[in-house]
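The values are calculated or read from the model by the stated rules, or taken from the named source; none is laboratory data. Because the structure is predicted, anything quoted here is derived from the model rather than measured. Positions of Cβ are generated from backbone atoms using ideal geometry, with glycine treated the same way; all protein chains shown enter the neighbour counts. Note: accessible area is taken over every heavy atom of the protein model, side chains too, but ligands, DNA and RNA are not part of it. Shrake-Rupley method; radii C 1.70, N 1.55, O 1.52, S 1.80 Å.
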Amino acid sequence: MAEPVVRIPDAKVALSTASVYPESTATAFEIAARLGYDGVEVMVWTDPVSQDIEALRRLSDYHHIPILAVHAPCLLITQRVWSTDPWIKLQRARSAAERLGASTVVVHPPFRWQRQYSRDFVTGIWQMANETDVRFAVENMYPWRYRDREMLAYAPDWDVTKDDYRHFTIDLSHTATARTDALQMIDRMSDRLGHVHLADGSGSIKDEHLVPGRGTQPCAELLERLALSGYDGHVVIEVNTRRAMSSAEREADLAEALAFTRLHLASAVRVPRT
């Protein structure tokens, strides 16, 4: 008879600094260390500390918490962070990752109105990926919706599996907003799935980033698949805690998300008895 054993993959569980907003990047390091996360993903945005390599290094050293990934400034509110040129932003993100010891740069596909950038994006990402050991993991997005209208805001496509990239990031809040099947998407990504943003969603037109287990996405099933597949990327908790009534409530949400993730990464499998 085979005996059930628990197999836990090497994947590290990190906290996105975006998960503590409106608190600061520095607070994210403190919370990640206190709760026992394996590291952080730095969302580069308008917080000056998130843009400052030396400040980030000092936070990492002080809290003994590694920086595992850097999220390039791709949001509407970060259009002027690290230059208005999107390629310079990516070059700076790569340099930051290399200097901080992070293995991954997360990048969104271009906005459709960034015409030259979107035309060159697939080949440009390949070129940048060939110049470094850092993974450029392109993240799935979603159509923008208003009432019964839909706008395709990203190019070449919000569904990044329609294009040829070396590595992908899957975000389960984005699959909820896109109303697409997350498990089918990771099947299409296959061994090019290099990074996971773990959150939940209900299928609303809003990008909700709920704590895993509070929406309709197959968060548990996805984690269990990762455990069985030998996934070697990172799992990053990227949730929205803006409605938390206190710092204690925010921290409780982040502790719940970490516990959920660790539980479902511990996959029970059967192996032959020796």
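Here the Karplus relation 6.51 cos²θ - 1.76 cosθ + 1.60, evaluated at θ = phi - 60°, turns the backbone of the stretch 145-158 into coupling constants of 10, 9, 6, 9, 10, 10, 10, 8, 8, 10, 9, x, 6, 5 Hz, with x for every Gly and Pro.
Once you reduce the stretch 72-119 and the stretch 169-229 to the center of their Cα atoms, the two points are 23 Å from each other. Computing the accessible area with a 1.4 Å probe over protein heavy atoms, can you report the carbon and sulfur percentage for the chain? Carbon-and-sulfur percentage of accessible area, whole number: 50. Ranking 159, 207 from most to least accessible surface, computed with a 1.4 Å probe over the protein chains only, gives 207, 159.
Among 36, 140, 106, whose Cα projects farthest towards the positive end of the dipole of the chain, with charges put on the beta-carbon of Lys, Arg (+1) and Asp, Glu (-1)? Highest projection toward the positive end goes to 140. Per-residue SASA remark: residue 141, around 10 Å² accessible (1.4 Å probe; ligands, DNA and RNA not included). Probing with 1.4 Å while keeping every protein chain in the model, the per residue accessible area of the chain equals 47 Å². Taking 22, 86, 218 in turn, the Gaussian network model of the chain (Cα-Cα springs below 10 Å) assigns the largest fluctuation to 22.
With the charge dipole of the chain set up from +1 on Lys and Arg Cβ and -1 on Asp and Glu Cβ about the Cα centre, the Cα lying farthest toward the positive end among the listed residues 78, 212, 170 is that of 78.
Kirkwood-type hydrodynamic radius, the chain: 19.0 Å, calculated from all non-identical alpha-carbon pairs. Exposure check, 1.4 Å probe, all protein chains in place: residue 205 carries approximately 80 Å² of accessible surface.
Checking every one of the trypsin sites (Lys or Arg not before Pro) in the stretch 185-274 against DSSP loop status and a limit of 15 other Cβ atoms within 10 Å picks out 206, 242, 243, 273. Charging the Cβ of each Asp and Glu at -1 and of each Lys and Arg at +1, and nothing else, the dipole of the chain about its Cα centre rounds to 320 debye.
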